[in-house]
Amino acid sequence: MNEQEFLERIRASEGLRHAVLRAIEIDRAGGGCMFELVTDLPYGEADEQAALAAAREAAPPPLHAGVRFIKLVADGQLVRSTIKSYLASTRAAASACIAAEDIEVSLGDPVRFTLGVDAQERAFFARDARLLPDIENMLAHNFCGRFEGAFADMEKEHAAEEDDEEDAPVQEALPVRTFRVENFEPIDEADVPKLATYIADCDFQSNSLTVCGEITYVQERTTQKGKRYLRFAITDTTGTLGFSYFPRKKTEEKIAQLKAGDSVVCTGANELYNGSLGFTARYINRGTVPAGFVPEKRKSKPVPAHYACVSPVRITDYNQLNLFEQSALPEDLVKNTFVVFDLETTGLNTSPASGRMDAITEIGAVKIEGGEIREQFSTLVNPERKLDAEIVKLTGITDDMLVSAPKIGEVIPDFYKFCDGCLLVAHNAPFDSKFVRYYGEAEGYMFEHRVFDTVSIAQSFLYLSNYKLNTLADHYGITFNHHRAADDALATAKIFIEMIKAKKCLPKA
């Protein structure tokens, strides 16, 4: 019996026709489970007995079932305070903007609520497309009836602008990593910095940036006005940088001798042009990275104190295969917390070295705590580019759906917070991990978590025709909406739990 079937059985009773299943409490030690039902109608003994019979059928033997009834009617004050508490616990920034008196509640079917926002706040709330749906779902989970939310324009008094600036959190800039250039030989200019910045860290504007690395590409080109210049690409093993260089007459011959495989140190300007950073070298000299160079790890920004754009929601998946299972879960599954995630993207390119890096269009993730799925993180992401027709057909995600979605730079800090202290899991993990690490590092968040791949785990002990997600789902009797990140993540989490239960432990590192 699934959740929908259970509720249909419950609501067949007159006194429980509006009932909501608020929670299921599992007592593994005692071998029982308690179903908590909320109703806004008077109920009698017959209703209680019918609910208990449905609960006993939903809980497989030898578990014993019980039912707890809560009589709850949604009045305006209660709904208002529940919304305010929910915002305080899940969206601290939104809670700071919305006072209790800014929330209006109109009782009826559906119950309607409005959040009062002013002109200064509207842009902030427009970025959180999930706010109203999340509140609606939360209220429907706690009260009987349907709920609809909206924003309402209102005027508010704000503190002086300078006070706001004092209280605003300061964005901490990441220090760039550098190394000392070895084997320096002047060509253009001897008086240049001998300390080079890691190419991977060259994501800032500078009029005097020095980089050093091995030439991987060099080609002579001509501008539209007929001026000759050279196009180089160099790598220092942390990244690859392409740049232009206009040779000087006095050093033209020496520069012309440079070829792929030579090492150079270049100083120039890293400037913003048409929305993108571009490096132009003023001086090129010979120089190498240190012998035996091993890049130091870049320090990550700290975990954000609050969710600012996307907040996780508590979920109860009543179809979890282990929901009423009495047997003990493997220790590895219980003692660790996992984030199982999936991405939808604009394409398959996971490396900017192979051309333009594809973008993330959706992040879906669930958190496994104590062996059970407890939280969900889900958001669309504006890729700031048009989608190919094939991607639209595959995922069902359209350009119109992404216009108002937050950008990846707004989402990554929240996802990093969601993953804090967790082990990561994904299906075909190398693909998804490259996107998360690339876009995370671009914002200063280093995703260095240990990652488990459900493909590799399945291949280690299951003998199937292939190891695609839908094949594994079929093997375990799991149905889901494939090619949407949230659904794929939930299915992957269920598969991961079942595989670790079968293997009794996590794969060795």
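The values are calculated or read from the model by the stated rules, or taken from the named source; none is laboratory data. Just so it is clear, the model here is predicted, and its values are computed rather than measured. Positions of Cβ are generated from backbone atoms using ideal geometry, with glycine treated the same way; all protein chains shown enter the neighbour counts. Heavy atoms of the whole protein, side chains included, go into the accessibility calculation; ligands, DNA and RNA do not. Shrake-Rupley method; radii C 1.70, N 1.55, O 1.52, S 1.80 Å.
Based on what the data block shows, is ASP317 farther than 16 Å from HIS483 by Cβ, in contact with a Leu (Cβ under 6 Å, 6 or more places away or on another chain) and either modelled with pLDDT of 90 or more or part of a loop (DSSP other than H, G, I, E, B) (or both)? I'd like the intermediate steps shown before the answer.
Working: farther than 16 Å from HIS483 by Cβ: yes; in contact with a Leu (Cβ under 6 Å, 6 or more places away or on another chain): no; either modelled with pLDDT of 90 or more or part of a loop (DSSP other than H, G, I, E, B) (or both): yes.
Answer is no for this residue.
Cβ-Cβ under 6 Å, sequence separation 6+ or interchain: first residue in segment 98-109 and under 15 Å from ALA140 (Cβ atoms), partner not in a strand (DSSP E or B). Which pairs?
VAL105/GLY76; VAL105/VAL79; VAL105/ARG80
Of these, ALA389, ALA308, which one is modelled with pLDDT of 90 or more, surrounded by fewer than 19 Cβ atoms within 10 Å (Cβ to Cβ) and farther than 30 Å from GLY239 by Cα?
Details: ALA308 fails: surrounded by fewer than 19 Cβ atoms within 10 Å (Cβ to Cβ).
Answer to the selection: ALA389.
Being of a type in the set (A, V, I, L, M, F, W, C) and out of contact with any helix residue (DSSP H, G or I) (no Cβ under 8 Å at 6 or more places or on another chain) is the filter here, so list the residues in segment 393-414 that pass it.
Correct list: LEU394, MET401, LEU402, VAL403, ALA405, VAL411.
Across segment 349-382, which residue is most open to solvent (accessible area, probe 1.4 Å) among those that are in contact with a helix residue (DSSP H, G or I) (Cβ under 8 Å, 6 or more places away or on another chain) and within 30 Å of THR216 (Cα to Cα)?
Among residues in segment 349-382 that are in contact with a helix residue (DSSP H, G or I) (Cβ under 8 Å, 6 or more places away or on another chain) and within 30 Å of THR216 (Cα to Cα), the one most open to solvent (accessible area, probe 1.4 Å) is PRO352.
Return yes when LEU402 is of a type outside the set (Asp, Glu) and open to solvent by less than 10 Å² (accessible area, probe 1.4 Å) and no when it is not. Quick ask: steps written out before the conclusion?
Values: of a type outside the set (Asp, Glu): yes; open to solvent by less than 10 Å² (accessible area, probe 1.4 Å): yes.
It is true that LEU402 is of a type outside the set (Asp, Glu) and open to solvent by less than 10 Å² (accessible area, probe 1.4 Å).
Taking LEU115 as the residue in question, decide whether it is at negative phi, open to solvent by less than 60 Å² (accessible area, probe 1.4 Å) and not in a strand (DSSP E or B). Break it down into steps so the answer makes sense when it comes.
Values: at negative phi: yes; open to solvent by less than 60 Å² (accessible area, probe 1.4 Å): yes; not in a strand (DSSP E or B): no.
For LEU115, the condition - at negative phi, open to solvent by less than 60 Å² (accessible area, probe 1.4 Å) and not in a strand (DSSP E or B) - is not met.
Taking the condition part of a loop (DSSP other than H, G, I, E, B) and open to solvent by 60 Å² or more (accessible area, probe 1.4 Å), does ASP128 pass? Steps first, answer last, please.
Working: part of a loop (DSSP other than H, G, I, E, B): yes; open to solvent by 60 Å² or more (accessible area, probe 1.4 Å): no.
So ASP128 fails the test.
Which one of the conditions (1) touching a residue at least 60 places away in the same chain (Cβ under 8 Å); (2) surrounded by 15 or more Cβ atoms within 10 Å (Cβ to Cβ); (3) not in a strand (DSSP E or B) does ARG22 fail to meet, given that it meets all the rest?
(3)
Does THR237 qualify as being free of Cβ contacts under 8 Å to residues at least 60 places away in the same chain and hydroxyl-bearing (Ser, Thr, Tyr)?
Details: free of Cβ contacts under 8 Å to residues at least 60 places away in the same chain: yes; hydroxyl-bearing (Ser, Thr, Tyr): yes.
Criteria met by THR237.
Got a number for residues in segment 457-476 being open to solvent by less than 60 Å² (accessible area, probe 1.4 Å) and of a type in the set (Gly, Ala, Ser)?
Adding up the residues that qualify gives 2.
If only one of PHE447, PHE480, PHE452, PHE496 is of a type in the set (Phe, Trp, Tyr), open to solvent by less than 60 Å² (accessible area, probe 1.4 Å) and in a helix (DSSP H, G or I), which one is it? Can you show your working first?
Working: PHE447 fails: in a helix (DSSP H, G or I); PHE480 fails: in a helix (DSSP H, G or I); PHE452 fails: in a helix (DSSP H, G or I).
Just one listed residue meets the conditions, PHE496.
Just the residues that are touching a residue at least 24 places away in the same chain (Cβ under 8 Å), open to solvent by 40 Å² or more (accessible area, probe 1.4 Å) and over 30 Å from ALA100 (Cβ atoms), please, taken from segment 59-84.
Correct list: PRO60, PRO62, HIS64.
Can you name the number of the only condition in (1) open to solvent by less than 60 Å² (accessible area, probe 1.4 Å); (2) in a loop (DSSP other than H, G, I, E, B); (3) within 29 Å of VAL111 (Cα to Cα) that GLY30 fails?
Only one criterion in (1) open to solvent by less than 60 Å² (accessible area, probe 1.4 Å); (2) in a loop (DSSP other than H, G, I, E, B); (3) within 29 Å of VAL111 (Cα to Cα) is unmet by GLY30, namely (3).
Please state which of the following conditions ARG56 fails to meet, knowing it meets all the rest: (1) in a helix (DSSP H, G or I); (2) at pLDDT 80 or above; (3) within 30 Å of ASP153 (Cβ to Cβ); (4) open to solvent by 60 Å² or more (accessible area, probe 1.4 Å).
(3)
Pull up segment 223-235, narrow it to residues that are at negative phi and either over 39 Å from the mean Cα position of the chain (by Cα) or of a type in the set (Lys, Arg) (or both), then point me to the one that is surrounded by the most Cβ atoms within 10 Å (Cβ to Cβ). Spell out the reasoning first.
First pass over segment 223-235, keeping only residues at negative phi: 223-225, 227-235.
From the residues that got through so far, the ones that are either over 39 Å from the mean Cα position of the chain (by Cα) or of a type in the set (Lys, Arg) (or both) too are 223-225, 227-231.
Values: THR223: 10, GLN224: 5, LYS225: 5, LYS227: 9, ARG228: 11, TYR229: 14, LEU230: 19, ARG231: 13.
Going through the qualifying residues, I end up with LEU230.
Name the residue, out of ALA426, ALA473, that is of a type outside the set (D, E, K, R) and over 27 Å from ASP203 (Cβ atoms).
Working: ALA426 fails: over 27 Å from ASP203 (Cβ atoms).
Criteria check complete, one pass: ALA473.
Can you tell me how many residues within segment 407-421 are in a loop (DSSP other than H, G, I, E, B), open to solvent by 10 Å² or more (accessible area, probe 1.4 Å) and not small (Gly, Ala, Ser)?
In the first step, residues of segment 407-421 are kept if they are in a loop (DSSP other than H, G, I, E, B); the result is 419-421.
If we keep only those that are open to solvent by 10 Å² or more (accessible area, probe 1.4 Å) as well, we get 420-421.
Retained after the next criterion (residues that are not small (Gly, Ala, Ser)): 420.
Final tally of qualifying residues: 1.
Take the conditions part of a loop (DSSP other than H, G, I, E, B) and surrounded by 17 or more Cβ atoms within 10 Å (Cβ to Cβ) and apply them to ALA94. Does it pass? Don't jump to the end; show me each part of the working.
Working: part of a loop (DSSP other than H, G, I, E, B): no; surrounded by 17 or more Cβ atoms within 10 Å (Cβ to Cβ): yes.
It is false that ALA94 is part of a loop (DSSP other than H, G, I, E, B) and surrounded by 17 or more Cβ atoms within 10 Å (Cβ to Cβ).
Could you please give the count of residues in segment 369-388 that are part of a strand (DSSP E or B) and either of a type in the set (Ser, Thr, Tyr) or more than 19 Å from the chain's Cα centre (by Cα) (or both)?
Within segment 369-388, the first condition is being part of a strand (DSSP E or B), and the residues that meet it are 369, 372-380, 382.
Next, only the ones that are either of a type in the set (Ser, Thr, Tyr) or more than 19 Å from the chain's Cα centre (by Cα) (or both) stay: 372, 378-379.
Selection size over segment 369-388: 3.
Using the structure shown, decide if TYR439 is in contact (Cβ under 8 Å) with a residue 40 or more places away in the chain, within 20 Å of ASP488 (Cβ to Cβ) and not in a loop (DSSP other than H, G, I, E, B).
Numbers: in contact (Cβ under 8 Å) with a residue 40 or more places away in the chain: yes; within 20 Å of ASP488 (Cβ to Cβ): yes; not in a loop (DSSP other than H, G, I, E, B): yes.
So TYR439 passes the test.
Mind checking which residues of segment 236-253 are assigned to a strand (DSSP E or B) and crowded, with 17+ Cβ neighbours inside 10 Å? Even if it seems obvious, please write down each step before you answer.
Here is the first cut: in segment 236-253, the residues assigned to a strand (DSSP E or B) are 240-245.
Passing the criteria: THR240, LEU241, PHE243, TYR245.
From the residues in segment 320-348 that are of a type in the set (Asp, Glu) and at pLDDT 70 or above, which one is most open to solvent (accessible area, probe 1.4 Å)? Write out each step before concluding.
Narrowing segment 320-348 to residues of a type in the set (Asp, Glu): 325, 331-332, 342, 344.
Going one step further and asking which of them are at pLDDT 70 or above, we end up with 331-332, 342, 344.
On the way: GLU331: 127, ASP332: 35, ASP342: 17, GLU344: 15 Å².
Result: GLU331.
Here's a check for you: in segment 64-74, which residue that is at pLDDT 70 or above and not β-branched (Val, Ile, Thr) is farthest from ARG22 (Cα to Cα)? First the steps, then the outcome.
Within segment 64-74, the first condition is being at pLDDT 70 or above, and the residues that meet it are 64-70.
Next, only the ones that are not β-branched (Val, Ile, Thr) stay: 64-66, 68-69.
Details: HIS64: 19, ALA65: 15, GLY66: 14, ARG68: 10, PHE69: 10 Å.
That would be HIS64.
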